[in-house]
Amino acid sequence: MRRRALAAYALRPVIWALDSSFDMPTLAQAREARAAGVGFWWGYLATVQVPGAFNLAAPWSQQAFSNVVQAGLGCGAFVSGLDDPVGLRQLAQAWGIPLIALDDEDAIRPLTVPDWRPAFLAASGAGLYGLLERHTIAAPFRIAALYPAGGCPGATWPTSPPPAEPHGWQCQGTHTEFGLSVDRSALDDWFGGHMTQEEHDALLNIQRIVTANYYQITTGYDDPQQTRHGMLKDFPAVVAGVAAIQQQLAALASGSLTPDLKSELDAIKASVDALSKHLGVGSA
C-alpha cells in the first residue's frame, strides 16, 4: 500500500467545495456538481464588475452566484483587499451571498506595516483565505491553500491540530471539473450549518484526532514491503490514536443523533475501521 492510499483512512471532508474565476458555472453545471457530491462553490465578488477590478481577474456576475444558490449549493465569494470593505459587505447581502473571504495574496494587495488586514476583516465581516503563512491574524473563519501531491487527502486543514475557528483546506489547485477550470477544497460542517453547535463541536473533536493520526501515519510510512508493524515509526502511538477515535465514536453513537451527524459518524467509522483492520488493532 503506497502512502497516497492512506488518504482513504482520513476523515471524509464534511463539505467538498469548488471555486473558480473566469469559469462561472451555469445552473446546469452547478446542479451537476451538487449531484456529484459538491456542497459549496466560491466565486469572486467586487463592487465593480469589470475584469481586472481591484486586481481580481474575473469578478462574477450576480447571475453566476444565483446559479450556485439555485442549484442548492452553499455560496461564498473571495474578495480583494483593494476593494471597499463596507461596500463588499453590503453587496454580498444584497446578492444573497452568505460568506465572503479576503483573498490574501501579494499579487492582489501586498502586506504592509502596519498590517491593513484586521481593519479590512472587521469592516467587511470577511474570513481569511491564503497560504498557511498568511494566517497570522484573527479571522471569523479561515481557508488555507496548500496543494499536496496526489490531491486532497480528506482533512479540512493541512496541519495538526486544526485551528479552533471554522476552517477549510483548498487542497487541489487548478484542474478541470464539470467542464470548468476550478480549485477544490474541503470545508468543515460550519460552512453548511446542518448540525447543532454541540454536534459540530463533537465532530470537530473527532476530526482533530483523526487528522493527527493521519499525518502521523503518512510521515511514519517507510517501505511498502515491510510488515504492517514495521511501516510505522511510532506504531504504539497510532494504535492508541485509533483506539481513542473508536472510543469517541462509541460515546457519540450512544446518544441521540440527528441524521446529518449520524451520516458523518458512519463515514468516519468506516474509515477508522478500515485503518484498524489494516493495522490489526482495535475493535474492527
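Overview of values
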{"quantity": "Against the rule of thumb 2.2 N^0.38 Å, how large the Cα Rg of the stretch 46-160 comes out", "calculated": "1.10"}
{"quantity": "Computed FRET value (nearest 0.05) for residue 112 with residue 250, which takes r as the C-beta separation and R₀ as 45 Å", "calculated": "0.30"}
{"quantity": "The stretch 87-147: chymotrypsin sites (Phe, Trp or Tyr not before Pro) in DSSP coil with no more than 15 other Cβ atoms inside 10 Å", "calculated": "116"}
{"quantity": "Positive-end residue of 36, 97, 87, charge dipole of the stretch 1-130 with Cβ unit charges", "calculated": "36"}
{"quantity": "For residue 172, residues with placed amide H under 5 Å, excluding near neighbours", "calculated": "184"}
{"quantity": "Share of carbon and sulfur in the accessible heavy-atom surface of the stretch 14-153 [1.4 Å probe, %]", "calculated": "58"}
{"quantity": "Nitroxide proxy distance, nm - points 7 Å out along Cα→Cβ at residue 95 and residue 22", "calculated": "1.9"}
{"quantity": "For residue 15, residues with placed amide H under 5 Å, excluding near neighbours", "calculated": "187"}
{"quantity": "Karplus-derived HN-Hα couplings along the stretch 161-174 (A = 6.51, B = -1.76, C = 1.60, θ = phi - 60°), whole Hz, x at Gly and Pro", "calculated": "x, x, x, 6, 6, x, 8, x, 10, 7, 10, 9, x, 3"}
{"quantity": "Ranked order, 80, 181 - accessible area, probe 1.4 Å, largest first", "calculated": "181, 80"}
{"quantity": "Long-range HN-HN contacts of residue 102 with modeled amide H, under 5 Å", "calculated": "79, 127, 128, 129"}
{"quantity": "Pair residue 63, residue 36: separation of 7 Å Cα→Cβ label points (nm)", "calculated": "2.3"}
{"quantity": "Rounded to whole Hz, the Karplus (6.51, -1.76, 1.60) HN-Hα couplings of the stretch 51-67, x for glycine and proline", "calculated": "x, x, 4, 6, 6, 9, 4, 8, x, 7, 7, 4, 5, 5, 5, 4, 4"}
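The values are calculated or read from the model by the stated rules, or taken from the named source; none is laboratory data. Given the structure is predicted, the values throughout are model-derived calculations rather than measurements. Note that each Cβ is placed from the backbone with ideal geometry, even for glycine, and that neighbours are counted across all protein chains shown. Only protein heavy atoms, including side chains, enter the accessible area calculation; ligands, DNA and RNA are left aside. Shrake-Rupley method; radii C 1.70, N 1.55, O 1.52, S 1.80 Å.
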